[in-house]
Every structure is written in C-alpha cells, then in structure tokens.
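The values are calculated or read from the model by the stated rules, or taken from the named source; none is laboratory data. From a predicted model like this one, the values you see are computed outputs, not experimental measurements. All Cβ positions, glycine included, derive from the backbone under ideal geometry; neighbour counts span all protein chains shown. Side chains are part of the model used for accessible areas, which takes the heavy atoms of the whole protein and leaves out ligands, DNA and RNA. Shrake-Rupley method; radii C 1.70, N 1.55, O 1.52, S 1.80 Å.
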Amino acid sequence: MRGFLPAMELQRPASLSEALQMLAAHTGRPFAGGTDLMVVYNAGKLRETRFLDIARLPELQGIRETPEYLDLGALCTFTELLAHPAIHRHFPNLVKSAKATGALAIQNRGTLGGNIANASPAADTPPCLLAYGAELELVSPRGTRVVPYELFHQGYKVMDLAADELVTRIRVPKPSGTSVHYFRKVGTRQAQAIAKLSLALVAQVADGCVANLRIGLGAVAPAPVRACHAEAVLQGQPLANLPVAVALEALLADMSPIDDIRSTAHYRSIVTRNLLAQALRTLSATGN
Amino acid sequence: MAERITLTFTLNGKPQTLAVHPMTRLLDMLREDLGLTGTKEGCGEGECGACAVLLDGRVVNSCLIPALQVEGCDLVTIEGLATASGLHPVQAALLAHNGAQCGFCSPGMAISAADLLRRCPNPNHGDVKDALSGNLCRCTGYTKIVEAVQAAARSEA
Amino acid sequence: MIGQSAIRKEGRAKVLGATQYTADVPVEGLWRGATVRSDVPRGILRGIHFGEGIPWSEFTVVTAADIPGKNRVASIVADQPFLVGIGEEVMHPEQPVVLLAHPDRYLLEAARKAVRLEIEPLPAIFDMEASLRQDELIYGTDNLLKEIRIAKGDPAPIWETAAFVIEGDYRTGAQEQLYLETQAILAFANTDENGLRITIQGSLQCPYYVHGAIAGLFELPADHVRVTALEMGGAFGGKEDYPSLIAGHAALLAWKSGHPVRIVYDREEDMAATTKRHPSRTHIKSAFDANGHLLALDVDFQLDGGAYATMSPVVLSRGTLHAAGVYRCPHVAIHGRALATNTPPPGAFRGFGAPQSLFAIERHMDICAQRMGMDPVELRRRNFLRLGDSMATGQVIREDLDLAGLMDRALVELDYDAKRKRFQTENAASPEVCRGVGFAVFMHGCGFTGSGEAKLASVAGLEALPDGRVSVLAASTEMGQGKHTVFAQVAAEALGLPIELVEVAPSDTSRVPNSGPTVASRSTMVVGKLIQDAAVAFRQGLIQQGLLHEPFTPEAFQAAVRAMLARSGSYKTYAQYHTPPQQKWDDTSYQGDAYPTFTWACYATQVAVDTVTWEVAVEDFVAVQEVGRVINPTLATGQVQGGVAQGIGFGLWEEVRMHNGRMANTQLTNYAIPTLADLPEIRVVFLENPHPAGPGGAKGLGELPMNGPAPALLNAVDFAVGPLRLDEVPMTPERLLDRAEEVARG
Ligand SMILES: Cc1cc2nc3c(=O)[nH]c(=O)nc-3n(C[C@H](O)[C@H](O)[C@H](O)COP(=O)(O)OP(=O)(O)OC[C@H]3O[C@@H](n4cnc5c(N)ncnc54)[C@H](O)[C@@H]3O)c2cc1C
Ligand code: FES
Ligand code: FES
C-alpha cells in the first residue's frame, strides 16, 4: 500500500442534492465502486485526496425498461447488468463486455458509470455503448442535461463532464428490426485482463442492406471512439456484397494506436482490422 | 490526520463496532485492526483474489474497498466459513484433493468457491471458470482446485 | 506409506486460513522496514538527502556506514553489497542504498519517497549483446560472471562431411516466479551478556544461507544467529538467495532501532527488485547423417546474469549440462557464458537454467525434422539416449532408460497420430482457428550439480518426542511442495509407524541440522534418503537397546521411545550424505557424473491458434514422466500440474518488459500469469522406475515439469500455422503475428 491514508478523506453525502452541492463546493470527487480509484490509491498515485461516496444514492441505481430504451443507473454493477433479462434480450454486446470485465469480484463492484467516467481508452463497455448509440444523463446543481455518448469523450481522459456534474443514468435505445451484434475484446489473457483492443459493431439490416451501422473501438485511440470512416463506407451497402477491403482501409483513419505495456501499435492496427473483417463476415452471413 | 468514524457492521455473523479511518482498506482493517489474518494480500490491485471476502453475500476484493463502504453490511471472511461442526464442504474438498499447496490463495479460493456453490449448487466447468478466474494460484495449475470444487458440489448436493 | 496419497500435513490450517505466514505473525512493539533504492542503472553514489516534512528523528535510518561486519551477501561469489555506500558504484536501478524503519506504515512510505539519492551517472549496458561486445566494462575484465566449456569428441571435422548441417538461434525471456506471498522477513536483535543475537523468521527457502549471510554481516558466531523458515506462500526458487539480502536489511534495522522489524515487499517492489529467471540466447549447430542420426552438436549458451554473480554460475552450469538434451551424440561442444548487465540480478527459478537450454534443443529438433523432411517423432526415436550411452560430460546412463516408451505413452494419451492427420486436413482449408499438436522430450538432473552434494555433506535426523512420537529434523522448508508430508511418509515407512506418529520439526537452525538448501529437486531424493537412513538407525537403536521387538505395534514403539528417553534424556539419530563411490565428477574439465540421476519426461499438447487475433489457446496437455518411485501420487501430480502451468505461462504469455535495466510491468495487471480460464485440465502420468539414490526409489520432481511446456507448445503452434520462425518465448500474439507476416512477405 503506497497511498498516504492520513491525507485522505471519504465522506458520504446523504442525498443526491447534498452530493451535488459538495461536488460544486469542491469537497471531493465521486467515488463509486472504487475498482479504478483504489488501484491508483494502492499504487500511491492518486492525486486527489478528497472523495464522496456516491455508491448508495438511489437516483443512480436500478434498471428501468421502456418500449424504446433501457435506462441504466450509473451505479449498476456489471453483475447487475448480467442479471437483467432485458440486457440479454436487446444488448448481447453489453452482456459480452460485462462478462469480459475483470473477473467476478470486479463485476460485483465495478459500475457502468465508473467505467464511463474513468475514461480509460481500454474500457470494455464504452465501445458497446457507442455502437448502441447510448445517451448519458448528467446532473449538476445547475440542472440536468443529456449528451449523446459519442460526444462525451473528447480526448485522453477529457470528457464533456463538468466538475460539479455526476453521470446519473445511461439510456440505451433498443435496436429495432433485424439487427446484428458483434463484440470482441482481445486481452492479455482469457480472464482478468485489460483490453489490448476491442471492437463492437451493431447493424440493423433491412432489404438485404445495411440500414444503420455503428462501430465502437477500444484501446486504439486516446479514448473510446466510433469508427466513423469505416461506418460511412458500409452504410447502406448490400449484405451480399459488402465493400470489406474499402472498409478495412477506412478503419485506419479511425484509429491512432500506440505501443505500450500491453501491446504494439502494429498488432492493434492489424487485429482491429481482423476483427472488423470477422464482424463483417458475421454480418453478411445474416443476409443469407 | 483525518477523523476516524465509528463503523457498525456484521462480521462473521456477529455485530461489530469499530473506529477506523474511512479510507482504510477493508483488507487492512481486517488484518490489522481486527487481527483476522486469514484474508491475504497478494497484489493490492484487485487482480489476485487472495483478499476475497463476502460483502452482503457477494465476492469482493477487500484491497479495493474503503472501510466506509462496509457500514451496515454483512461481512464474511475465511474465518467465518467453517462452522463449529467442521470445515465448510469447499474447505474439506480443497484439503482432500490437494487443492491447497502453498495455501496462500486458499482462503480467497475457498470464499469464491463457497459463493459459487451457494449461487449454483451444481456448477459445470464453465460456471467454475467464471467463479474462480479472479483467484490466481501459482502452485496448482488449477486442475485440483476444479476437482475439489466439483467434489464439494457433489457432497453438498 | 510410500506410494500412498497421505493428506497434506499442514493442509487443514491452510484451508481454514489459520496458517501464519510471515506477514501474519503478531509481534509486540513491531516496527516496519522499507528500502530506498537507486533509480539509475549505474553510477557512483555521492550523497543521500533527507527531504522536508518528515519527522526524521522518529525514524531509524541505516546506510552502508552502519554495517558492523562484511557488507557483502555471502554467496558463491560474495560480490553483492547489502547496501551501496557513498563513493561506491551503483550497479543496477533497484539497488538498495538506505533502509528506514518506523512503526507507522504510512509515514514510512512517505519517508521512503522523501529520500533523494545523488548519483553521478555512468554509462550502463542492458543486454547480452552489449555485454559481450563490452560496450562498457562493468564486471571484471570481460563482463563474464562465469564461463563453462563441455567437450566430447571433436565436432569440427563433422561439419564438412555430414549429410545435414542445421543451425538455429533461440531466445527465452525473463520470468517472474510470482509466488503469491511476496517476500517477507521478520528480524529481532537482542543483546545480552554474551553479546548480540539475531533472530530471523521469514519466507525463505534456505535457512542456512540466511544464517551465513547474517553471521557475516554482523560478524557473529554461528550460535548467535537463529533462522527459522515459516510457512511459505510459494517460492519456486525466488526465495533462495534474495531473502539473505532482505534478512540482512531487517536485521540491521532491528539492531539499530532496538525494535523487532518486519519488511514485507509489496507486489511492485517484489517484481521490480527481486530475482527472475535468467534471459537466455542459444545458438545451436547440429550435424546429422542421411538417416537422421545426430553426429555432432555445437551449442553456444548465454545467460543474462545481471549486475552481480549471485546464483548465475550454478544456473549457467545446469543450463549448460542440459543443453544437449536427451540425445546420444558422439561429438559435442558446449560453451556457456553468464554475462553481466546493469539489471537486477536474476536468480533461481524452478528449472534453474534447464528450461532455457532445453527450449532451444527441443525446438531445434523439430526444426531439424522439418528441414530433413522427417517426422519429429521418428527423428527423436533414432537419437534417444539409452542404457550404456554416454552424455556430453561422459556420464554413462546406468539405468534402464526407455525414452521411446515415454514418448509413445504421451503421444497415445494425446491421440497424437489421429489428431495430426485430422488437423492437417482441417488446417488446409485455412480456417480462422488452426489446430496443432506438439511435444518435447527432456530431462532434469536430480540434486546439486557435480560435486555440490559432496561439498554440502548434508545432515538430517530424527528426534524422540516425550509422548513417544518422532520428529523429523531437517532444514528443508515447506513452500507448498509437500515436504512436511513426504518427509513424514518416508520416516513413517522406515520406522514402521502410521504417519500420525511422525511430526516434522520447524526449519529452525537452532533445532535442525543443515540438510542443505531447499532447491535443485533434492529434498525428496537426497534429504529424504538421509531421513530414511536416520529412521532405520532410530528403529535399530531401540531394538539393540532391547526396548523394542519386531514385529511391534505403534503403542509398543511409543513405549519403547519413552523408555529410551527415560534412560538417556534425549534420543536422536542422524545420517550424513556420502557420494556413492561410482559417482565421479571433475569441476575443472566438466567431465563425469553431473548428477546422481535424472528424471525423464515427454510432454505433449494440443493448441488452437486463432488467426484473427494470433492468440494461442492450450486445449489439452499431457505430462508423462519417469521420476523413480512416486512417494505421494496426489502431491506429486499437483507438483507437475503447477509446474506445467508455469511452463505454459513461460511459453506463451509471461513477458518481463525491461526499460533501461528496470522492469516496466511490475503489476499483476500487466504481467500476465495464467488464470483458470487460460488452462486446460493438465493430465499427469507417472511411469515408475525406482532408483537406489532416493528413499523407496524416489527421485526429485519439483523442477522437471518446468522444462517441457515451452518447446512442446511452440512445436504445436508451428504445426498449426507454420512453418514459422518460432524461436523465442514467450511467443506472444504480437510476436506470432510478426512471424506470420515474415512468411507472408517471403
Ligand atoms: C482487477 C481489475 C480488473 C479490471 N478489469 C477491467 C476490464 O476488464 N474492463 C474494464 O473496462 N475495466 C476493468 N477494470 C476497471 C474498473 O473495474 C472499471 O472501470 C469499473 O467500471 C469502474 O467502476 P467503479 O464504480 O469501480 O469506479 P470508481 O473507481 O469508483 O471510479 C472511477 C472514476 O469514475 C468517476 N466516477 C464514478 N462514478 C461516477 C459518476 N456516476 N459520475 C461521475 N464520475 C464518476 C470517479 O470519480 C473516478 O474518477 C478492472 C479493474 C480491476 C481492479
Ligand atoms: S490483494 Fe486484493 S486482489 Fe490481490
Ligand atoms: S496454492 Fe499456492 S498460490 Fe495457490
């Protein structure tokens, strides 16, 4: 343990409004499941010393289902996601990514809101949320606003999130009609592994063509990103004759992978394209 | 020094009150404040599962939990797994099948396995994998641990 | 008793979480110790500065200037200082310089960060190539920590005439032992009318190594130092020599502060600073006749030994002695070198040099088979060592060795032939996932190399307990391998008692004789044999005294022991190691019997290579071995499974990334050891061939399983997606992709 305990503060606001007031007064930063923060604290590398335990705020909890979307509390743990039938029915990629997050003890504690707000480029649910076209509800003492998730990450650990704001809920629209879901994470091993890269693809299919397609990428850019260039190539194309080579080429413009402790830029670039090719094979197969 | 708080929770079935700093790691609170050294530190970064305990009936890594978050909770450690009448079936099976070699991973392994059998009395190989893949063991290659868990399931069922 | 799966003696406490490892022992008035390390790879220490904001007067601070005795850790070559002093040379970036102690762990950590070292930098070298080129001279006159040559016949003329001459280069990376319990030592210092006494308790494999280190550090008589090995949370060689250093540090702090001091490394410090498997490079040149008979072998074997000699000479020795593998070859030249670099010294790790050189030769044999258009099974079959053959050192095989039988058994277990055919057909269609099978045949020398055992002259014994039970006295330590249980079984068998009546004394130097270090797969075979001999003497003694008559019941035995104690106060028997007369070894020429015997194995595996991600999944693993008589099948199986798991990690995933002499991935999140989800069921088969050197015919077992997985896996991967240049471990997906692209580029 390299953190300096005597300098630390952890308080528990009694309500959401108190939490927001304290955030606004710079009394502390949000602390949810702690599975990211405690690792940094253990390593003695946590810069902030004052935290607010938001883990029991009811407004940030629970999963609500409407006909159009699923409304997930930011405090939903991966285990809670996995226990909900509607997630399995409508969002198979979220199931896969939640199952691929750490191992059971992490899934029991880590939250969706924390996964988003920690803003790691290698986090696993963000590429899926991007591909599902999720929206975030952000609340501050100044009010509530909703931002499309694809606009939320703006650079390495840079987010459209003010110091006095909390991510309260995540809304994910249910894909309609025939849809194809692909998610794959490539980690250092089969469990308890941070992604070297990941790719989520969701496509709606109509009349033998790609009607609406989104791709989310993990660990190949400073933040989770959508693969807009590749998407543009594929939008509206016939399943029987997808422009795979052009899409793979376009994907290069969506990535800026680096060499780091987990992998190489080259591997990331090649294998991300391999995953897209595999996803597109799955996609064309649904056309038959 | 920031202020201590008075924490109230249930520990291995008994009510417990304790004055601690709210950011004390649950792991340190157990080992140092309460003298319960069965819970081990193998990494301090949530990777190894040697520090696993049951918090409100779920497996968590105690190195990642600040004391404050234990307030009002039901906590079970390895010391609370065996009963007066003897070893928990998972402990008995780990012993019989040589699932504990150096034994350092064993408390966490037993906690995770006991949790699995409670949730899923007849686990298949995939269930065991999902339940125990966050508990690293460097000695056994896991084969005998899986055997032990499956044997414990049979004896429980 | 021998041959039965007795339950692990200390197992119940372990599953209950009741076992006290070093960090768990409650100590009244405990202070904690921390180590300030250099942060440059090489330089001269000019100053030590203590930063602001820390109540330094509350701390105990130790520097090299405080050391009362020798500032060198006793070892093969005593070249490593406990602490670098002002004006002395820093040799690697994790070198201990200042020690701190304080009762409060948080303040201690803050203080550690507040010490600033002023080091005048010197140019450093980080790899074997630079060391060999002597880019900088950092050690002696040639950067060589040790050099060994083994010669048999003369390969030189063969290269001209042989039908095939095949060369290859191979590399293996560093590997972290990753015992789950990090390094931990407790030290007590007391001064009475006879002077200073130091007591050490800790997670350490070799109590008498630590004993020697502390005696030298304080210049104390032997009986003023007491070392006890507590129960260990794994070691695998990683707690062979480094604990001597930590124990020295803890003892200095305890002595200067007047308080008991515990040093527990956190995972990051343990990964960064303590020993690892030596990285290696091997060049092999081999000659075969037209029928695939091996004619000549030339091996250049190099290890990266880090900044000090420490264990490198002996690791090099074992690696060199295994470099020719399990093959008969008339002309052999092996050149081994351990090279100095400005990195933390590597050390012992299960296999001890053999996994490195055996990886090279077993990969090489598959490559040779490919080049000669032969089946790898057939090529090996034609070249296996057999009874009467001589190895590279001239050691003659005196046991009825059947390597072909071992190999065939492993291949049948794996269903090798059928799978080979099936995968060949399936892979031809270029599926996303290609499958392969592969294997390796290998050995491990039991006990210390060469004259090591003779020099040690180990002693083990038995002691009568007041209640009529018997206690085994040996310095060997329990690190999870099952030594408590196996020793008790051996003694119980020889005494004719149930195992419950035999206990194993704690490994405490004040109580047990020096049975040598717990290393080199020697505990069961060498120490076990001594225990067996001492037990026979114990029983004979009771009979000769007329206290016991055969046949006897356990109750009669206990009564006899109590009567013996009543008569003479105490009753102990000892046995000492003597080299068998037929075993000859010459340290200078490296000729003779390198080991009393070997264990032999064939490991076979099935892998699936995903060509989308280049990840390798291990789908099946069969480990067939001959280890003499198996004393406890359940414990032995567990040893093999654990070793195989480490071997799989070594072969596929575990990569130590070095940056300027320093490990960059010092967390479990970025140094990936296998989880349950990464491993198949590991299937273990023992073929028994009792050997007279060990108790009941047992040989050593601990290290063998580490030697085979890496080459077997890469041979299987090559079958699946090759032929590729698979010459290095770990063969990570990144490397595999590079190798595949090499071929695609042509
Ligand atoms: C062993 C281990 C394995 C892991 N494996 C994976 C993995 O495979 N994949 C993966 O993606 N992640 C992984 N993680 C990382 C982590 O578990 C996840 O990112 C998790 O979702 C974080 O959630 P949390 O609630 O624990 O976050 P916390 O640690 O509580 O918070 C993380 C950050 O988010 C902020 N925050 C939290 N909630 C909110 C909110 N509602 N509004 C505003 N800000 C907020 C906090 O201030 C902090 O900056 C792993 C972690 C560990 C320790
Ligand atoms: S010590 Fe908590 S997970 Fe390793
Ligand atoms: S038994 Fe040693 S780590 Fe599992």
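Per residue of B:61-70, what is the mean number of Cβ atoms on other protein chains within 10 angstrom of that residue's Cβ?
Numbers: counts 10, 1, 5, 13, 5, 10, 1, 7, 10, 0.
Mean shielding count: 6.
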Positive dipole terminus of chain C, leading residue within C:VAL40, C:ILE334, C:THR282 (C-beta point charges): C:ILE334
FRET efficiency for C:SER510 and C:ALA454, using Cβ-Cβ distance with R0 set to 22 Å, rounded to 0.05: 0.25
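First measure r as the distance between the Cβ atoms of C:ASN190 and C:ARG371, then evaluate 1/(1 + (r/R0)^6) with R0 = 60 Å and state the FRET efficiency to the nearest 0.05.
On the way: r = 67 Å, r/R0 = 1.12.
Step by step, r from the Cβ atoms, then E = 0.35.
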Antiparallel DSSP bridges in the protein assembly as shown: what percent, to the nearest 5? 80
Using θ = phi - 60° and the Karplus relation 6.51 cos²θ - 1.76 cosθ + 1.60, list the HN-Hα couplings for segment C:710-718 in order, rounded to whole Hz, with x at every Gly or Pro. 4, x, 4, 5, 5, 5, 5, 5, 5
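Using the per-residue mean of other Cβ atoms lying within 10 Å as a proxy for protection, in what order, highest first, do the peptides C:255-262, C:23-30 fall?
Numbers: C:255-262: 21.1, C:23-30: 13.1.
The densest-packed peptide leads the list: C:255-262, C:23-30.
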Loss of accessible area when A meets B, both sides summed, Å² nearest 100, probe 1.4 Å: 2600
Please work out how much length the chain gains when fully extended from A:LYS174 to A:ARG47, using 0.36 nm per residue of separation minus the C-alpha to C-alpha distance, in nm with one decimal. 41.8 nm
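Can you give the FRET efficiency for C:SER589 and A:GLU249, using 1/(1 + (r/R0)^6), R0 = 60 Å, r = Cβ-Cβ distance, to the nearest 0.05? Write down the numbers at each step before the final one.
Details: r = 64 Å, r/R0 = 1.07.
In this case the efficiency is close to 0.40.
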For segment A:178-285, list log₁₀ I(q)/I(0) at each q in 0.11 Å⁻¹, using the Debye formula over Cα point scatterers of equal strength and ignoring solvent, two decimals each. -0.32
Residues of segment A:172-217 that bury at least 50 Å² of accessible area, probe 1.4 Å, when all protein chains are present rather than the chain alone, are A:ARG184, A:THR188, A:ARG189, A:GLN190, A:GLN192
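Would you please put C:541-552, A:62-73 in order of how densely packed they are, using the mean number of other Cβ atoms within 10 angstrom per residue and starting with the highest? Don't jump to the answer; show the numbers that get you there.
Values: C:541-552: 14.0, A:62-73: 16.2.
The most tightly packed comes first, giving A:62-73, C:541-552.
Direction-averaged shadow area of the convex hull around the Cα atoms of segment A:5-52, nm²? List each step's numbers first, then the result.
Details: hull surface 13.5 nm².
Here the figure is 3.4 nm², rounded to one decimal.
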How large is the convex hull of the C-alpha atoms of segment B:16-92 per residue, in Å³? 100
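Dividing the convex hull volume of the alpha carbon atoms of chain C by its residue count, what do you get in Å³ per residue?
Values: hull volume 124.8 nm³, N = 746.
Dividing the Cα hull volume of chain C by its residues yields 167 Å³.
For segment B:89-156, with all protein chains present and a 1.4 Å probe, just round the carbon and sulfur fraction of the accessible area to a whole percent. Please report the intermediate quantities before stating the final value.
Working: 940 of 1840 Å².
Answer for segment B:89-156 is 51 percent, counting heavy atoms of protein chains only.
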Provide, for q = 0.14 Å⁻¹, the log10 of I(q)/I(0) from a solvent-free Debye sum over equal Cα point scatterers in segment C:410-449. -0.46
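I'd like the mean, over residues of A:31-38, of how many other protein chain beta carbons sit within 10 Å of each residue's own Cβ. Don't skip to the answer; put the middle values down first.
Values: counts 4, 1, 4, 9, 6, 2, 2, 11.
Partner-chain Cβ atoms within 10 Å, mean over residues of A:31-38: 5.
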1.4 Å probe accessible area per residue over segment A:59-173, in Å²: 35
Tensor-based shape of segment C:436-481 (alpha-carbon gyration tensor, a/c under 1.5 rounded, otherwise prolate or oblate): oblate
Pairs of alpha-carbon atoms within less than 8 angstrom and 6+ residues apart define the contacts here; what relative contact order does chain A have, in percent? 15
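Note down the magnitude of the dipole of segment C:583-627 about its Cα centre, charges +1 on Lys and Arg C-beta and -1 on Asp and Glu C-beta and zero elsewhere, to the nearest 20 debye.
Dipole about the Cα centre, nearest 20: 160 debye.
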Given a 1.4 angstrom probe, I'd like the percentage of the accessible area of segment A:178-285 that is carbon and sulfur, rounded to a whole number. 56
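Can you give me the % of accessible surface on segment B:5-80 that is carbon or sulfur? Probe 1.4 Å, all protein chains present, nothing else counted. Mind showing how you got there, number by number?
On the way: 960 of 2030 Å².
Of the solvent-accessible surface of segment B:5-80, carbon and sulfur hold 47 percent.
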Could you list log10 I(q)/I(0) for the protein assembly as shown at q = 0.06 Å⁻¹, which the Debye formula gives when each Cα is one point scatterer? -0.51
5 Å is the cut-off here: which amide hydrogens, built 1.01 Å from N in the peptide plane, fall below it relative to A:ARG12, excluding neighbours closer than 5 in sequence? A:ASP53
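Please give the charge dipole size of the protein assembly as shown, origin at the Cα centre, charges +1 on K and R Cβ atoms and -1 on D and E Cβ atoms. Round to the nearest 20 debye.
Values: 106 positive and 127 negative charges, 187 e Å.
For the protein assembly as shown, the charge dipole is close to 900 debye.
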With the 1.4 Å probe rolled over protein heavy atoms, segment B:89-156 has an accessible area per residue in Å² of 27
In nm, give the distance between the simple-model label positions of B:LYS14 and C:GLU681, each being 7 Å from the Cα along the Cα-to-Cβ direction. 4.3
As a test of the definition: with a 1.4 Å probe, what buried accessible area, both sides summed, do you compute for B against C, in Å² to the nearest 100? 3900
Residues of segment B:113-155 losing 40 Å² or more of accessible area relative to the isolated chain, 1.4 Å probe, heavy atoms only? B:LYS129, B:ASP130, B:SER133, B:LEU136, B:ARG138, B:CYS139, B:GLY141, B:TYR142, B:THR143, B:LYS144
With the 1.4 Å probe rolled over protein heavy atoms, chain C has an accessible area per residue in Å² of 32
The distance between the Cα centres of segment B:115-157 and segment C:125-192, in whole Å, is 41
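Quick check on the protein assembly as shown: helices-only [θ] at 222 nm, where DSSP H runs of length 4 and up contribute -39,500 (n - 2.57) each and the sum goes over total residues. Nearest 500, please.
Working: 35 runs with 357 residues, N = 1191.
That calculation yields -9000 deg cm²/dmol at 222 nm.
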